[in-house]
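Visitor: Structure provided below as structure tokens; questions to follow.
Rule-based calculations on the coordinates, nothing more; no lab input. No experiment lies behind these values; they were computed from the predicted model shown. Here the Cβ is made from the backbone with ideal geometry for all residues, glycine too, and neighbour counts use every protein chain on show.
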Ligand SMILES: Cc1cc2nc3c(=O)[nH]c(=O)nc-3n(C[C@H](O)[C@H](O)[C@H](O)COP(=O)(O)OP(=O)(O)OC[C@H]3O[C@@H](n4cnc5c(N)ncnc54)[C@H](O)[C@@H]3O)c2cc1C
């Protein structure tokens with residue numbers, strides 16, 4: 001039988017972190033690649049995630065810097081945030097990045113279709129836009145449609161915003177109520193607190209940042225409270241009412257919070273609605289996440305999925321790593337992505353960064369663990385007068401001496417931990433850490449000078 005012919009070797013739905021990387025790499029290897037994107041190129045990370053968030057985090061850090069400067073002899077005139085200028089500069093940079101992504105794709109020979117794509121059977125995709133519907137066929141189809149914020153049902157839900165709207169709020173909220181205890185909620189609380197809003201953060205659990213090391217969670221909760229965030233645990237929203245001059249939020253205990261903006265950051269769900277997946281026969285798991293194997297193959301042969309839509313590790317570098325493994329697979333080179341020792345940062349003020357096991361997970365997975373921890377005031381704050389403290393922790397598998405967990409709360413924690421993540425992937429032991437000379441005077445040197453175990 002003659003081999004079927006298709007319009008595309010690979011058609012990618014969604015030009016976000018994973019989709020762009022897969023499309024570009026496949027095209028560079030000679031495949032005929034098309035990609036459909038319903039919104040701006042670059043996806044969540046570029047438009048409403050990592051990048052604008054980090055830019056606003058930098059903006060917010062100036063508030064601490066202006067304050068710290070006095071102890072170093074600087075008199076800084078009263079600082080005032082021009083929110084409109086910050087938004088305009090961010091928008092300009094994001095537009096530039098959208099252009100960079102377009103260049104990356106078209107430069108590699110990828111054809112971009114603007115519109116909403118839908119799967120119609122194993123090899124067919126329909127892309128709808130104002131001009132009509134285009135049909136095409138592809139040997140392989142990749143679904144890289146990411147995730148979207150989810151807000152639970154409650155009276156007044158229509159008055160709240162999600163992280164997608166936070167970057168363009170108008171006007172700047174003098175008071176902000178953040179609902180949620182995950183990393184996105186915590187980051188926005190710190191950022192808007194730094195930018196000058198009076199922030200209240202509510203979380204229904206007993207401590208923020210579930211899944212992170214317990215010591216880290218307790219430490220950051222104390223630190224963000226010091227920065228002025230009113231963090232309330234074990235509570236939730238009952239209803240939100242719009243009043244003439246504010247939003248009136250009633251909590252479960254009956255107390256009332258008056259605020260200008262309510263941000264719901266209580267979770268994200270895979271972006272699968274309207275994709276036609278169930279009709280096409282693609283198996284979905286919990287919360288609609290697409291079920292895939294270690295080569296990102298769905299239940300339909302020739303249909304693949306990766307990144308946030310599979311709801312595994314929802315981070316940009318993971319989506320990029322998965323895309324590269326998939327392209328290798330499509331070109332006959334079999335390898336799998338290791339999900340062990342993925343480092344990650346939370347851009348709270350101060351920052352958190354972590355790699356490997358929490359103490360709790362390590363105790364479940366190893367016969368014995370040794371814990372090293374250190375808490376101190378960074379050198380800078382001896383003159384700045386800031387009460388901010390830094391926290392570091394090592395989790396060591398006692399039997400092998402291997403460092404299996406490394407956690408930091410402190411300035412630029414992500415920059416520090418990235419390098420240590422390489423050492424941990426390489427299997428570095430505590431003895432190797434001990435034999436490494438520190439860089440003095442830095443906070444990071446503390447990771448190679450902790451000698452006395454805090455506990456076993
Ligand atoms: C506020 C926030 C902060 C974050 N911060 C970080 C961080 O600091 N570090 C980090 O590593 N990660 C961060 N993330 C997570 C990161 O953004 C995601 O893990 C990453 O973007 C996932 O990439 P993806 O390719 O799976 O999907 P996405 O980047 O979300 O791309 C999906 C694309 O598909 C498009 N699409 C969806 N459905 C269709 C359709 N039917 N037809 C056509 N197009 C479609 C969407 O418009 C979108 O452009 C953050 C996320 C958020 C929300």
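Visitor: Compute the relative contact order of the range 42-146 as a whole-number percentage, counting only Cα pairs closer than 8 Å that sit 6 or more residues apart in sequence.
Guide: 18 percent
Visitor: Angle between the Cα long axis of helix 183-195 and the longest principal axis of the chain, 0 to 90 degrees, nearest 10?
Guide: 60 degrees
Visitor: Arrange the peptides 309-322, 117-130 so that the one whose residues have, on average, the most other Cβ atoms within 10 Å appears first.
Guide: Descending mean neighbour count gives 309-322, 117-130.
Visitor: Here's something else I'd like to know. Can you give the extra length, in nm with one decimal, that the chain gains between residue 379 and residue 157 once fully stretched, where that is 0.36 nm per residue apart less the Cα-Cα distance?
Guide: 75.4 nm
Visitor: Further question on the same structure: Assuming a viscosity of 0.692 mPa s and a temperature of 37 °C, what translational diffusion coefficient in µm² per second does Stokes-Einstein assign to the range 1-93, Rh being the Kirkwood radius over Cα pairs? Let's see the in-between values first.
Guide: Values: Rh = 17.0 Å.
Here the translational diffusion coefficient equals 193 µm²/s.
Visitor: Also, I was wondering about something else. Please give the length that would be gained between residue 206 and residue 93 if that part of the chain were fully extended, namely 0.36 nm times their separation in residues minus their C-alpha to C-alpha distance (nm, one decimal).
Guide: 36.8 nm
Visitor: Please report the spacing between the Cα centers of the range 319-357 and the range 162-204 in Å, no decimals.
Guide: 28 Å
Visitor: Here's another thing I want to ask about it. Compute the Kirkwood hydrodynamic radius of the range 323-366, taking the inverse of the mean of 1/r over all pairs of distinct Cα atoms, and give it in Å to one decimal.
Guide: Across the range 323-366, the inverse of the average 1/r is 13.3 Å.
Visitor: Report, to the nearest 10°, how far helix 83-107 tilts away from the longest principal axis of the Cα atoms in the chain, using its own Cα long axis and a range of 0 to 90°.
Guide: Relative to the chain, helix 83-107 is tipped by roughly 40 degrees.
Visitor: Let me ask something else. Would you mind putting 267-273, 286-292, 76-82 in packing order, based on average other-beta-carbon counts within 10 Å, highest first? Write down the numbers at each step before the final one.
Guide: Numbers: 267-273: 19.1, 286-292: 17.0, 76-82: 9.6.
Put in order of decreasing packing, that is 267-273, 286-292, 76-82.
Visitor: For the chain, what's the relative contact order in percent, using C-alpha pairs closer than 8 Å and at least 6 residues apart?
Guide: Once divided by the residue count of the chain, the mean separation gives 15 percent.
Visitor: Could you please rank 226, 53, placing first whichever residue has the fewest other Cβ atoms within 10 Å of its Cβ?
Guide: 226, 53
Visitor: Same structure again: Could you work out how far the C-alpha centroid of the range 1-59 sits from that of the range 244-317, in angstrom?
Guide: 19 Å
Visitor: Under the Kirkwood approximation for Rh and a Cα-based Rg, what ratio Rg/Rh is obtained for the chain?
Guide: 0.99
Visitor: Taking the alpha carbon gyration tensor of the range 349-446, what are the square roots of 5 times its eigenvalues, largest first, to the nearest whole Å?
Guide: 25, 14, 11
Visitor: Nearest 500 deg cm²/dmol is fine: what mean residue ellipticity at 222 nm does the chain get from its DSSP H runs of n ≥ 4 alone, each adding -39,500 (n - 2.57), divided by its residue count?
Guide: On the way: 13 runs with 143 residues, N = 456.
So the calculated ellipticity at 222 nm is -9500 deg cm²/dmol.
Visitor: Within 10 Å of each residue's Cβ, count the other Cβ atoms and sort 8, 74 from fewest upward.
Guide: 74, 8
Visitor: If packing is taken as the average count of other Cβ atoms within 10 Å, what order do 66-72, 215-221 fall into, highest mean first?
Guide: Per-residue Cβ counts within 10 Å, averaged per peptide and sorted highest first, yield 215-221, 66-72.
Visitor: For a footprinting-style exposure proxy, rank 21, 451 by other Cβ within 10 Å, fewest first.
Guide: Values: 21 25, 451 7.
If I rank by nearby Cβ atoms, fewest first, I get 451, 21.
Visitor: While we're looking at this one, here's another question. Using only Cα atoms, find the angle between the long axis of helix 316-330 and the longest principal axis of the chain, and express it within 0 to 90 degrees, rounded to the nearest 10.
Guide: 30 degrees
Visitor: Compute the relative contact order of the range 241-383 as a whole-number percentage, counting only Cα pairs closer than 8 Å that sit 6 or more residues apart in sequence. Spell out each step's value before the answer.
Guide: On the way: 134 pairs, mean separation 14.6, N = 143.
Reported as a whole number, the value is 10 percent.
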